[in-house]
1. Of (1) at pLDDT below 85; (2) within 20 Å of the chain's Cα centre (by Cα); (3) not polar (S, T, N, Q), R14 satisfies all except one. Which?
2. Could you please let me know if L75 is under 30 Å from L167 (Cα atoms), of a type in the set (A, V, I, L, M) and either out of contact with any strand residue (DSSP E or B) (no Cβ under 8 Å at 6 or more places or on another chain) or in a helix (DSSP H, G or I) (or both)?
3. Just checking, does the range 168-182 include any residue being assigned to a helix (DSSP H, G or I), over 26 Å from L47 (Cβ atoms), at pLDDT 85 or above and of a type in the set (S, T, Y)?
4. When both residues are 6+ apart or on different chains and their Cβ atoms are under 7 Å apart, which pairs have a first residue that lies in the range 57-79 and is within 22 Å of L89 (Cα to Cα), and a second that is not hydrophobic (A, V, I, L, M, F, W, C) and not in a helix (DSSP H, G or I)?
5. Select from the range 126-185 the residues that are surrounded by 19 or more Cβ atoms within 10 Å (Cβ to Cβ) and in contact with a Lys or Arg (Cβ under 7 Å, 6 or more places away or on another chain) and list them in ascending order.
6. Taking the options A64, A106, A41, A34, name whichever one is modelled with pLDDT under 90 and either under 23 Å from A160 (Cβ atoms) or surrounded by 17 or more Cβ atoms within 10 Å (Cβ to Cβ) (or both).
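The values are calculated or read from the model by the stated rules, or taken from the named source; none is laboratory data. Remember, predicted model here, so these are calculated numbers, not experimental data. Virtual Cβ from ideal backbone geometry, glycine too; neighbours counted across all protein chains shown.
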Amino acid sequence: MTTTILLFDLEGLRQRWGWLLFLGIVMVILGTVAFFIMPAATIGTVLVLGWLLVISGVVELIQAFRERKSGNLFLHLIGGVLGILVGLLVVTHPIAGALAWTLLFASFLTVIGIFRTVAAIRLKFPHWKWAVFDGVITLGLGILLWAEWPWSGLWFIGLAVGVSLVLRGWSYIMLALAVHSLHLPTAMRQAA
């Protein structure tokens with residue numbers, strides 16, 4: 001029964017493989033463009049994140065008034081006001097926002113890299129050397145961001161968005177081609 005449901009979904013996906021391929025190609029193109037204009041991609045991403053903070057702050061304020069009887073009004077109000085203020089600061093000062101986001105990423109990558117490396121060395125679980133490799137690379141990226149700051153604030157987020165778009169687009173292209181070349185049993189095709 002589960003196999004039948006899965007094959008029905010694959011047949012529907014197979015019929016729309018062209019859209020997946022198109023989406024993948026568009027994402028690869030956009031990611032490649034982001035590589036060439038990393039500062040602009042960084043600023044654009046920061047502006048989107050700023051507006052998302054503003055919108056989430058407004059939603060938090062609305063939630064505050066919906067929850068006023070439960071005793072959580074104050075916490076929701078603080079979260080909403082801070083979300084709006086920080087979002088507006090980022091939107092009105094996108095370069096400073098990019099620098100701040102890059103510092104947050106540098107701190108996160110440095111701390112996570114140290115923890116992964118130390119934990120893998122101490123625990124020595126199966127294939128622990130891969131976790132050490134991951135931790136060292138993550139730590140190295142964090143140190144690189146710190147060493148290159150403030151200049152890394154102008155390119156890092158754009159580079160990260162570009163890499164993400166290219167990899168996600170490439171995976172969509174591969175999925176589309178795999179689904180297109182999928183050969184389903186004739187009985188399954190007729191049932192769909």
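1. For R14, the failing item is (2).
2. Judged against the criteria, L75 is not a match.
3. Yes: the range 168-182 contains one or more residues that are assigned to a helix (DSSP H, G or I), over 26 Å from L47 (Cβ atoms), at pLDDT 85 or above and of a type in the set (S, T, Y).
4. H76/E67
5. Of everything in the range 126-185, those that are surrounded by 19 or more Cβ atoms within 10 Å (Cβ to Cβ) and in contact with a Lys or Arg (Cβ under 7 Å, 6 or more places away or on another chain) turn out to be G135, T138.
6. Numbers: A106 fails: modelled with pLDDT under 90; A41 fails: modelled with pLDDT under 90; A34 fails: modelled with pLDDT under 90.
The unique qualifying residue is A64.
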